[in-house]
1. If packing is taken as the mean number of other Cβ atoms within 10 Å per residue, what is the order of 293-302, 381-390, 275-284, highest first?
2. Explain nothing, just the number: dipole magnitude of the chain about its Cα centre with +1 on each Lys and Arg Cβ and -1 on each Asp and Glu Cβ, in debye rounded to the nearest 20.
3. With contacts defined as alpha carbon pairs under 8 Å and 6 or more residues apart, what's the relative contact order of the chain in percent?
4. Using the alpha carbon gyration tensor of the chain, what are the three equivalent-ellipsoid semi-axes (square root of 5 times each eigenvalue), largest first, in whole Å?
5. Please tell me which of these pairs span more than 22 angstrom C-alpha to C-alpha: Lys11/Lys161; Lys382/Lys437; Lys160/Lys519?
6. Please give the FRET efficiency for Leu411 paired with Asn452, using the beta carbon to beta carbon distance and R0 = 60 Å, rounded to the nearest 0.05.
7. What translational diffusion coefficient, in µm²/s and rounded to a whole number, does the Stokes-Einstein relation yield for the range 95-200 at 4 °C and a viscosity of 1.567 mPa s, taking the hydrodynamic radius as the Kirkwood radius over Cα pairs?
8. Taking the highest mean first, how do the peptides 216-228, 409-421, 522-534 order by number of other beta carbon atoms within 10 angstrom per residue?
Amino acid sequence: MERTGALIKEKYREYFFSTLAMSGSTVIANIIDRIMVGNLLGAKELAAISYTGPVVFAINVIYGLFIYGGNTLSVTYKGHRDKLGSDKCFTIAIAGGTLVSILLAVIGLVFLEPLAGLLCAGSEELYKPVVDYLLPLLFMGILVIPVNGTAAFIRSDGLKKLALALPVLCNAINLIMDFVFMGIMGFGIGSAGWATNVGFAAALLLLIPYFRSKERSVFFTKPGFQDISLVLDIFYTGLASALLNGSILLKSYVMNVIALAAFKTDGAVIISVCMSANSMANIFYMGTSQTMMPIGGGLYGERDWSGIRQLLKISSYVTLVICVAIATILMAIPQQFAALFGIDAGLIGRLFDTAFRLFCVSIPFVGLQNVARSYLQSCGHKNAATVLMVLDGTVCFIPFIWLLSVLVPQLLWLSFAISPILSMLCVYIAMRIRLKKEGITDPLLLPAQPENERILEFTIGSTLEQTSEASERVLGFCRKNGIPDTLGNKMWLAVQELCSNISQYAYGGKPDYADLFLKITDTDVVLRIRDNGIIFDPTSFIDDSGREITGLGMLRALNIGLEYNRVLGFNNTIVTLSLPER
């Protein structure tokens, strides 16, 4: 019996596909949205969408600060069994983020015309379409937090179907209304923005069952002035995710300037195709990071270092496999990929093929950088995650792209791969040096196990045979560490009763897995059992006949601490025995 990581892998798979559905459907909808605008309205209207990019960036910053930070911390507090702290994080993330979005929208409405003039750089031709599209975009910012933000918490609650349905419904209605407004009714560019808002409004209706559900684990509460520090902590946690968009924006701007100077119009065409490839790969970047952060936050809150290592391993493996596959396919079809966006790259010649393939080299490294960022954010190294994104967008990118443009212009596209490698290397070396002074030598930067703690952890199948074997192993570990048989036998009984009931009720008698953690300190013995079955609280479980299950009632009669906590859709049952003074 060893720790297999089966539950972590299953949870990662569950989160990954629902997250991929959200990020993928959004990116694909945006691409189709642009194709429809370009074909139905024209190039001028399509350009108006691009020129409102800074406003979209501001919306994404608010989302990153409140939702990424709030969701990760909320799950971490759940791991600490601090329900009030988790609820406060949820409240600040959704209510606070929505209020700030409303404030941003009000400011935008007051200064709508001068803001539009600033965005289109004084172009009279683009001014009107930019104004028309900017108005609904401001209202969209208000809807993003309650819809996509709540969807993030829904995933953390393990409600897979609803988490999957929200983004699909939202983007499907958006595309339908795009066709209705622009194609059938002949409305202008503003209708593309209003179509998006209709999609979000429809998705709000799907949230009603969630807020009425008894299965959710977070609720609105009333934060006080004393929670200002919690707001700042949420911002620190989400800052690296918020800066991700800033890093992409800055890098694309610098690349545009340098590519135009080096290759004129051909450079601009190459960059536009490369950024389209980056948008497609970004589906999987975001799938990885948004999957990893809440799971990592929950495991960190439970101090499950083995689980975090398993999470990092599977995240890195999945990201590398997918990103290498994407890069390989794109490298094989550079001309065909450009043709998807109406660009005849053959007119540029071999320069395009070389540049595009060099850019594709960066895809696996950017994927790993997203894994590293999410890992640092979820494991308490928030400042390091922020520094990682700042380095990538500035110090490790700008000097190298400038140097390559001077020395070997044909290779400047490699700067997209060099930057994430250098930024990860710099942050890791700096972290190892700093943490070594604090006595932390773990290669993954995790805290050292206290000397007075003895840990036993393993995975079992939910069968009676393995339940009996697990009980004997727990009893043997207690005896090995000098725990009196009177207490060891209580732990033996706890494993027997809890695991057999998990098999019978949480999994309906079907074989599955449970993780067992036993921690012995100088003062107590703590047993934690985690399973991925249906909601099952053994502290208050009643069978179909209305009678308490005998075994669980017997456990409570043994004068032991028995707690239940649900984190990330996992059932966590904690048994605590106090040791006599020695």
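We did not get these values from a lab; they are worked out from the coordinates using the rules stated. Since the structure is predicted, the reported quantities are computational estimates derived from the model, not experimental observations. Cβ atoms come from the backbone with ideal geometry, glycine included; neighbour counts cover every protein chain shown.
1. 293-302, 381-390, 275-284
2. The calculated dipole for the chain is roughly 540 debye.
3. Working: 871 pairs, mean separation 92.0, N = 582.
Contact order relative to length: 16 percent.
4. Details: eigenvalues 462, 152, 88 Å².
Semi-axes from the Cα gyration tensor: 48, 28, 21 Å.
5. Lys160/Lys519
6. For R0 = 60 Å, the calculated efficiency reads 0.60.
7. The diffusion coefficient I find is 86 µm²/s.
8. 409-421, 522-534, 216-228
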